[in-house]
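Data block below; observations after.
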Amino acid sequence: MDIDTKEPVRKPAPIQSKKTGFLQNLMDSLFRTSSPEVEKKRRLKIIAKNYSKCRYHNFYKTSSIEVMPPLAKLFFDIYKIIAPAQTVFRTNDNMTLFKRQILNYSLSEKQSELLEHFDENYIKDLARQMPLEQLKDKISQDLLDFSNEFSGERIVKTENLLKAFLLFKDFCCFDYFLFLKKFSPHMVENNFSMTPTFSKINAEYVVDDLKDFVTVAFNITDDKIMWDDLFEYLKSTRGSELVPSGTWKKIIAKIRSIQSSNAFELMIQHITQNPVYSPRIAFDIDPLIEPYLEKISDETNAILSKINNAQKDAKATNLCGQIFGTADLKSLKNYVHTTSDILVKKNLHPFKYCEPLNYLKTFILEYVKTDIREFFEVVVIRGQWDQSLSAPMSSAYQDLLKTSDQITSLDNDLAEDGTLGSKIKTLLPKTQHDPGAENIINRVVDDSNKLAYSYLVGSTQGMVTIAKTLKLLIEDYVKPKPVMVQNWRELERYLEHPMKEFSVNIYKKIYLFVQLMQQYLTN
């Protein structure tokens, strides 16, 4: 690479006497104009004079506002060197992939091993070998161990590697060919068999390109950047440095020399007639480690949640089969998934308790209003036992009947001609352009979900109360001398089924149903 990295030889400033300096300042203060335009011209004249004295004065001709071939030659020399890297970056510009490669490269040996523990297939395989809660504890500990491996030093080194990579990539991806083609129209991209003939051109044609180049070029001169780490990474992950590290350091030295001479700033100030132009070279990067750890945590939690839901669904299906003989139950018409799916497609809140509310309504219809009613009318109403003991069971039974009516009322209200359903139907087409309509529908759905949840919780608690009392009654029935109910034998005449078998079957159904509800009411 033909890049001279020697520092410019500066001529000693002429000695100026204090007297001469005083007279010059006095003259300047007496004859300086207050006109902004004149002041601007004066400053531009000084800029031109300063530029003519800098080492790189052959890049630009101030008298004709032309950029000269030596500048193009510098860019061509750089282009030849970075072309292989530019090709790699243009072929694959996926920054997410680059960041992931840098992270994986920076992991400790222990982290590399732990990373496999967050794979979905690995977690699913463990879920078949241990209880879900135990699996959650294990994954939580693995995440903690993985996170703890990122010491302060490792975080700093990884973040610095990313910064070096981004600066290197930005510098290499500058469009050198487009810039050079303005000096040599017949130039062929990535053809370095011979140096093109460059012509001087109007500086205005390339001033914006020059501004862009300054932005990416001056950032690489930061002494804090650990370029050796970058080239070790490139060699390790790609098999080559893309740009020889020694040559890259020569480029940096050249850019640093240009930067210290202020040549590019003076050129741009003069070309744009903007004496106050200053290059923007601030370079900030977003944190890398913290979002990475959050992403792994979110992904593993999502996998665990999926497994949890799958296990719940499987258990719910099994319980439904034992209780109802099938899981395909349709006791509700409007608080259902088909309606909820329409809302979700509009990015609105969904109905959250479609399955359990449907199961509850079916259970009340098929068991509470049949077998449990028959038991209640015989044992609770006709039985001779302490009313204080029978009151909780009686109250729970009556509440279940009320809840059945409340569920029907809610479902009817959500019909297209119901008070709530008609509101949703009317507002649904307006949600795309009316946030107010969206808010009203979400409020209706949320309120419906709150009601559904209260019905589920209240009914489940009522079922538990009935089951507890029923268990005591079964135990009392088999005693030689019953304590709770005095007239068991008389009550048997009112049933078509054996009392014990009938009571035990009801208890089992309630027990299974409470288990079913727990699949939806627990996290």
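The values are calculated or read from the model by the stated rules, or taken from the named source; none is laboratory data. Note that the structure is predicted; figures quoted are calculated from it, not measured. Heads up, the Cβs are rebuilt from the backbone with ideal geometry, glycines too, and the neighbour counts pull from every protein chain shown. Side chains included, ligands, DNA and RNA excluded: accessible areas come from the protein's heavy atoms. Shrake-Rupley method; radii C 1.70, N 1.55, O 1.52, S 1.80 Å.
Where does the charge balance sit around Ile271 when Lys and Arg score +1, Asp and Glu -1, over other residues with C-beta under 13 Å from its C-beta?
Surrounding charge for Ile271 is -3.
What figure, in Å² to the nearest 10, do you get for the accessible area of Asp447 with a 1.4 Å probe and non-protein molecules left out?
Here the residue's solvent-accessible area equals roughly 80 Å².
Report the full-extension gain for the segment Asp434 to Lys53: residue separation times 0.36 nm, less the Cα-Cα distance, to one decimal in nm.
Using 0.36 nm per residue and subtracting the Cα-Cα distance, I get 130.7 nm.
Which ³J(HN,Hα) values, rounded to whole Hz and listed in residue order, are derived for region 75-80 from phi using the Karplus coefficients 6.51, -1.76 and 1.60 in 6.51 cos²θ - 1.76 cosθ + 1.60 with θ = phi - 60°, glycine and proline given as x?
5, 5, 4, 5, 4, 4
Rank these residues by their accessible area, most exposed first, probe 1.4 Å: His433, His349.
I get His433, His349, largest accessible area first.
What does the C-alpha gyration tensor say about the overall shape of region 168-282? Classify as rounded when a/c is under 1.5, otherwise prolate if a/b is larger than b/c, or oblate.
Here region 168-282 falls in the oblate category.
Which of the listed residues, Ile296, Pro392, Leu180, is farthest toward the dipole's positive end in the chain, when Lys, Arg count +1 and Asp, Glu count -1 at the beta-carbon?
Result: Leu180, furthest along the dipole toward the positive end.
Run the dipole for the chain about the Cα centre, Lys and Arg Cβ at +1, Asp and Glu Cβ at -1, nothing else charged, and hand back the magnitude in debye, nearest 20.
It works out to roughly 2460 debye.
Roughly what angle does helix 354-363 make with the longest principal axis of the chain, taking Cα atoms, 0 to 90 degrees, to the nearest 10?
In the chain, helix 354-363 runs at an angle near 0 degrees to the longest axis.
Positive end of the dipole of region 330-427, charges at C-beta (+1 Lys, Arg; -1 Asp, Glu), about the Cα centre: which of Leu348, Thr370, Ile381 has its Cα farthest in that direction?
Comparing the listed Cα positions along the dipole, Leu348 ranks first.
Quick one: Karplus J couplings for region 88-98, per residue in order, coefficients 6.51, -1.76, 1.60, θ = phi - 60°, nearest Hz, x for Gly and Pro?
4, 5, 6, 6, 9, 10, 7, 5, 4, 5, 4
Looking at the square roots a ≥ b ≥ c of the eigenvalues of the Cα gyration tensor of region 45-124, which shape do they give, rounded for a/c under 1.5, prolate if a/b is larger than b/c, or oblate?
Taking the square roots of the gyration eigenvalues as a ≥ b ≥ c, region 45-124 is prolate.
Pairs of Cα atoms under 8 Å, at least six residues apart: use those to get the relative contact order of region 428-509, whole percent.
RCO, region 428-509: 20 percent.
Tell me the angle of helix 227-238 to the major Cα principal axis of the chain, expressed in degrees between 0 and 90 and rounded to the nearest ten.
60 degrees
Farthest toward the dipole's positive end in the chain, which of Gln129, Leu428, Ile307, given Cβ charges of +1 (Lys, Arg) and -1 (Asp, Glu) about the Cα centre?
Going by the Cα projections, it comes out as Leu428.
Taking 0.36 nm per residue of sequence separation and subtracting the Cα-Cα distance, how much length would be gained by fully extending the chain between Val457 and Lys61, in nm to one decimal?
Separation in residues times 0.36 nm, less the Cα-Cα distance, equals 134.1 nm.
Grab the beta carbon distance between Gln486 and Asn318, set R0 = 60 Å, and tell me the FRET efficiency rounded to 0.05.
E between Gln486 and Asn318, to the nearest 0.05, is 0.90.
Please work out which option in (i) 15, 27, 23, 18, 11, 5, 0; (ii) 22, 51, 26, 1; (iii) 21, 55, 23, 1 gives P(r) over Cα pairs in 20 Å bins from 0, in percent calculated from these coordinates, and answer with its label.
Working out P(r) over Cα pairs in 20 Å bins from 0, in percent from the coordinates points to (i).
Does region 189-251 come out rounded, prolate or oblate, given a ≥ b ≥ c as the square roots of the eigenvalues of its C-alpha gyration tensor, rounded meaning a/c under 1.5 and, failing that, prolate meaning a/b above b/c?
oblate
Using unit Cβ charges (K, R positive; D, E negative) and no other charged atoms, how large, in debye to the nearest 20, is the dipole of region 403-462 about its Cα centre?
Value, rounded to 20: 140 debye.
So who's got an amide H within less than 5 Å of the one on Tyr60, skipping anything under 5 residues away but keeping other chains? H placed 1.01 Å off N, in plane.
So Tyr60 has HN proximity to Met68.
Helix 245-261 against the longest principal axis of the chain: what's the angle in degrees, Cα atoms only, rounded to the nearest 10?
Helix 245-261 sits at roughly 60 degrees to that axis.
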